[in-house]
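K.L.:
Let me give you the structure first, and then I'll get to my questions.
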Amino acid sequence: MQFRVDEAHEKFREEIRAFAEKEIKPYAFQWDRENKFPREMITKLGQKGWLGLPFPKEYGGAGMDIMSYAIAIEELARCDGGCGTIVSAHISLGSWPIYAFGTEEQKKKYLVPLAKGEKLAAFGLTEPNAGSDAGGTETTAVLEGDHYVLNGEKIFITNGGEADTYVIFAVTTPGIGTRGISAFIVESGWEGFTIGDHYDKLGIRSSATAQLLFEDVIVPKENLLGKEGQGFKIAMETLDGGRVGVAGQALGIAQGAYESCMAYAKDRVQFGKPIAFQEAISFKIADMATNIRAARMLVYSAAEMKDQHIPQGMEAAMAKQFASDTALHVAQEAVQIYGGNGYLKGMDVERFYRDAKITQIYEGTNEIMRVVISAHILGKPPKKETPILASSSTSNVTGPRKKIVMKKGTAQEKVDALVENLKADGYDFTVGIPADTPIGEAERVVSAGKGIGSKDNMKLIEDLAAAAGAAIGSSRPVAETLQYVPIERYVGMSGQKFRGNLYIACGISGAIQHLKGIIDASTIVAINKNANAPIFKNCDYGIVGDVNEILPLLTKALDTGKKKPAPPMKKIKRPTPKKEKPPYKIMVCDGCGYEYDPMKGDPAADIPPGTTFERLPEDWTCPDCAEPKSNFQEA
Ligand code: COS
C-alpha cells in the first residue's frame, strides 16, 4: 500500500486552514446554538473553487485530487463538524454521481454550476423504511411518455431545503428489489417537490437536514441518471467514495478536539504543575495522538487509492468506521480533560463531542461498515432465492392499517363517509373523556399538527375533541416550538405514547418520530391537505382536505350534546395484515408450464435479472420449450 502527503498537499492544508480559522472558527458556536446554515461562508468557499474541488476544470471544478478533498473536509471539520458535513454532502453525495454517471448534457447543465459553487447539491436515498437497508426504497417514479412521475418521501437529507439540485432514488420497477431502483436529478422548486420538517439535531447544527416530499413531481426523462435499474449501484458506489469525506470529517473533529484539550491541559495547573504532565492526562493525550495518527493513515490511504482508481470500498469503510470511533472517543476524552469547563455550552470540545456522534451513524452506520468490510473479506452471505418484494405500499410505521383515504367528493361527503365508518367500527360518540385526560390513559385523542396554522385555530381542535369525546394531543412542534398546548400533551417517540382506540390527527404530516408514538392506536384518522403526507400511509381513514373546512363539519357530525362519562376502555380490534401479492404478473408458458421469474431473467438469452415479463423482447421464447412469448398466460 502506498502512502504519501506531499508538499503541495501540505501547502493546500495551510491555505484552507487559514480560511477555516478566519471564516468558520469565530462563528461556529453561534451557528451551533442558532441552528444556522452558514450561507455566506458557503458562498465564499464556492468563490474559491473549493465546492468543486475534485472535479475536472472542464466541468467548473478545481481539478484537484481526492487527497486534497479529504484534507479540505478535515480542515473545515477541525473548526466545525457541520461545515464538513455540508461540503462533503455537496461534493461526494450530491455532485459526484452526476460526474460519474451523468451524460455530457447532464454534466453541463447540473455539474458545472455545482462545481463552480453557484449551486448546492444533496442526495436523497434514506426513507422511513429504507435506512441501512437502502434496497427497501418506496419512493416511486412511473414513466408516462416523456417524463417520470415521482411520488414519495425522503428523510434525514443533508442540505435539504438549502440545495438546488437533488439526486433522488426511486423505484421504477416494483417487486424486483434493488434492481428496480433508478436515480434521478431533481431540481428544487419543481411543482409538487416540497421540504418537510427541518430536524433539530444533537450536533452538526450548522448543517441543514430536512425531509423531502414528492407529490406527482414531473421529472423529464432526460433527468434519469444512468440507466433504469442502475440506481442502487449508483447509490452504493457514491457512498463507497463518499465515505472518504465522512472519514475526513471525523478526523477533523478528532483533531480539533485534541488540539483544544491539549492547549487547556498545558495551561491548567493542579497539584503544582500543568495537568498535561499528570500521568492520567498525559496518557490520554498519548492515546488520542496514536488513534488520530492511525485514523489519518486510513483516511489518506483510501483517498490515495481513489486517486489511483484502485477500488477502495473496503478501505473507505475501514477509514470511516475507525475515524468516526476515534472522533467520538477523542472528543469524549477532551471534555474529560477540560473537566467542568468542558461541560459548558460555548466550549468547542462540548460541540465536537456532539458533532462526533453522527459520524458513527450516517452515510452507513459503523455496523454497516463492518458488513461491507467483512463482505470484502469473506464474500457475501448466501441469499434466499425467493423474489425480494419491495416493501410495497402496504409497509408502514404504524403496522397494518386500512388506508381508506377519501380524496374525491365534497368535504361533507368525505366527513359523512368517515363518521359512518367509525360508527361501523363500534365507536360511540354519546360518551366521552375529559380533554385533559393523560395521553397514555386516553381512549380517544384529537391531535394538532403544524398544519393547524395559527393559535386561534386550536379552537377547532378543542371543539372537535369535545364533540368526539376525546382528549387533546399534539405533534412535537405544536407543543414545544409553537407552545399551543402544554408539553405533556405531545405525542411521539420521545413524548407520550397513545395506547387507546381512536387517534384523530389534524394537520399532522406524519414524521416517523410522531408515528412511533401512535403505533398501538386501534384506529388512526388523518386529516391533511397534502395527499402525499406520510400520515396517509399510516392511517385507517384519511380525508384529504383543509382542516379549516373539515374540522367544523366533523365536529358538527359527531356532536351529540353533553357526553356521558365513557365506560372503562375496551380495546377495539385492529385490522389483520393482508397477504402481500407480488407486484408483478406471474406468467406461465402454455406449452410446458415454465414460470418466468423476473428476479432471474433469462441469462441464456441475455435477459438480465430485473426484467419484467412485459419488457421481454417480442421475439423472446420459452427457455424450456421454445413457445413464443405470446403463448404465456397470467397464472
Ligand atoms: N458498489 C457497487 N455495487 C454494489 C455495491 C457497491 N458498493 N454494493 C452492492 N452492490 C450491488 C451488488 O453487486 C448487487 O448487484 P446485482 O444485483 O447485480 O447482484 C446489488 O448492488 C445488491 O447488492 P446486495 O445484495 O449486496 O445489497 P444489500 O441490499 O444486501 O445491501 C449493503 C448491501 C448493506 C452493503 C447496502 O445496503 C448498504 O451499503 N447499506 C447502507 C446504506 C447507507 O449507507 N445508508 C445511509 C444513508 S445514505 S447518506
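K.L.:
Given Cα pairs under 8 Å that are at least 6 residues apart, what percent is the relative contact order of the chain?
P.N.:
RCO, the chain: 11 percent.
K.L.:
Report, in listed order, any pair from Lys109/Lys154; Lys22/Lys119; Lys403/Lys423; Lys119/Lys357; Lys380/Lys585 with a Cα-Cα distance greater than 26 Å.
P.N.:
Lys119/Lys357; Lys380/Lys585
K.L.:
Still on this model: Lysines within cross-link reach of Lys11: Cα-Cα under 16 Å, excluding same-chain residues under 8 positions apart?
P.N.:
Answer for Lys11, where 16 Å is the Cα cut-off: Lys48, listed by chain and number.
K.L.:
At R0 = 30 Å, how high is the FRET efficiency between Glu627 and Asp606 if r is their beta carbon distance? Nearest 0.05 is fine.
P.N.:
For Glu627 and Asp606, the calculated efficiency is 0.95.
K.L.:
In debye, nearest 20: dipole of region 427-513 around its Cα centre with unit charges on the Cβ of K, R (+) and D, E (-)?
P.N.:
Roughly 280 debye, rounded to the nearest 20.
K.L.:
Same structure, new question: Please report, to one decimal in angstroms, the Kirkwood hydrodynamic radius of region 263-410 built from all distinct Cα-Cα pairs.
P.N.:
19.6
K.L.:
Follow-up question, since we're still on this one. What FRET efficiency comes out for the pair Val588/Lys108, r = Cβ-Cβ distance, R0 = 45 Å, nearest 0.05?
P.N.:
E between Val588 and Lys108, to the nearest 0.05, is 0.40.
K.L.:
Next question. Subtract the Cα-Cα distance of His309 and Phe613 from 0.36 nm times their separation in residues, and report this length gain in nm to one decimal.
P.N.:
105.7 nm
K.L.:
How long is the gain from Phe277 to Phe29 if the chain were fully straight, where each residue apart is worth 0.36 nm and the alpha carbon distance is subtracted?
P.N.:
86.3 nm
K.L.:
I'd like the isolated cysteines in the chain, meaning no second cysteine's beta-carbon lies under 4.7 angstrom from theirs.
P.N.:
Cys79, Cys83, Cys261, Cys506, Cys539
K.L.:
Looking at region 1-124 from every direction and averaging, what is the projected area of its Cα convex hull in nm²?
P.N.:
Computed as one quarter of the Cα hull surface, the answer is 8.3 nm².
K.L.:
Just to verify a number: FRET efficiency for Ile377 and Ala100, C-beta to C-beta distance, R0 = 25 Å, to 0.05?
P.N.:
Once the sixth-power term is evaluated, E becomes 0.45.
K.L.:
Sticking with this one: Report D for the chain in µm² per second (integer): Stokes-Einstein, Kirkwood Rh on Cα pairs, 25 °C, 0.890 mPa s.
P.N.:
Calculated translational D: 91 µm²/s.
K.L.:
Still on this model: Under 19 Å between alpha carbons, and skipping anything fewer than 8 positions from Lys273 in its own chain: which lysines qualify?
P.N.:
Lys284
K.L.:
Straight distance only, please: which aspartates and glutamates reach the Cα of Lys570 with their own Cα at less than 14 Å, same-chain residues fewer than 8 apart left out?
P.N.:
Correct list for Lys570: Asp425, Asp428, Glu441, Glu443, Asp520.
K.L.:
Follow-up question, since we're still on this one. State, to one decimal in nm, how far the label point of Glu420 lies from the label point of Lys408, with both points 7 Å from Cα in the Cβ direction.
P.N.:
Simple spin-label model gives 1.5 nm for this pair.
K.L.:
Counting each DSSP H run of 4 or more residues in the chain as -39500 (n - 2.57), what helix-only mean residue ellipticity at 222 nm follows after dividing by all residues, to the nearest 500 deg cm²/dmol?
P.N.:
Helix contribution divided over all residues of the chain: -11500 deg cm²/dmol.
K.L.:
Let me ask you something else. Treat every Asp and Glu Cβ in the chain as -1 and every Lys and Arg Cβ as +1, leave all other atoms uncharged, and give the resulting dipole magnitude about the Cα centre to the nearest 20 debye.
P.N.:
With Lys and Arg at +1 and Asp and Glu at -1, about 1820 debye.
K.L.:
So, one more: His147's amide H: which non-local residues (gap 5+, or another chain) put their own amide H closer than 5 Å, with H modeled 1.01 Å from N in plane and none for Pro or chain starts?
P.N.:
Residues meeting the criterion, in which the H sits 1.01 Å from N, are Lys221.
K.L.:
At Lys570 and Lys227, where each label point lies 7 Å from the Cα along Cα→Cβ, what is the point-to-point distance in nanometres?
P.N.:
Placing both labels 7 Å along Cα→Cβ, they lie 6.1 nm apart.
K.L.:
Can I ask one more? What is the set of long-range amide H partners of Asp602 at a cut-off below 5 Å, with H atoms built 1.01 Å from backbone N?
P.N.:
Ile607
K.L.:
Using label points projected 7 Å from each Cα along Cα→Cβ, tell me how many nm separate Glu595 and His198, to one decimal.
P.N.:
5.2
K.L.:
How many angstrom lie between the C-alpha centres of region 571-635 and region 18-92?
P.N.:
With region 571-635 and region 18-92 each reduced to a Cα centre, they are spaced 49 Å.
None of the figures in this text is laboratory data; all of them are computed from the coordinates on show. Not measured: the values here are computed from a predicted model. Ideal geometry is used to build each Cβ from the backbone, glycine not excepted, and the neighbour counts take in all protein chains shown.
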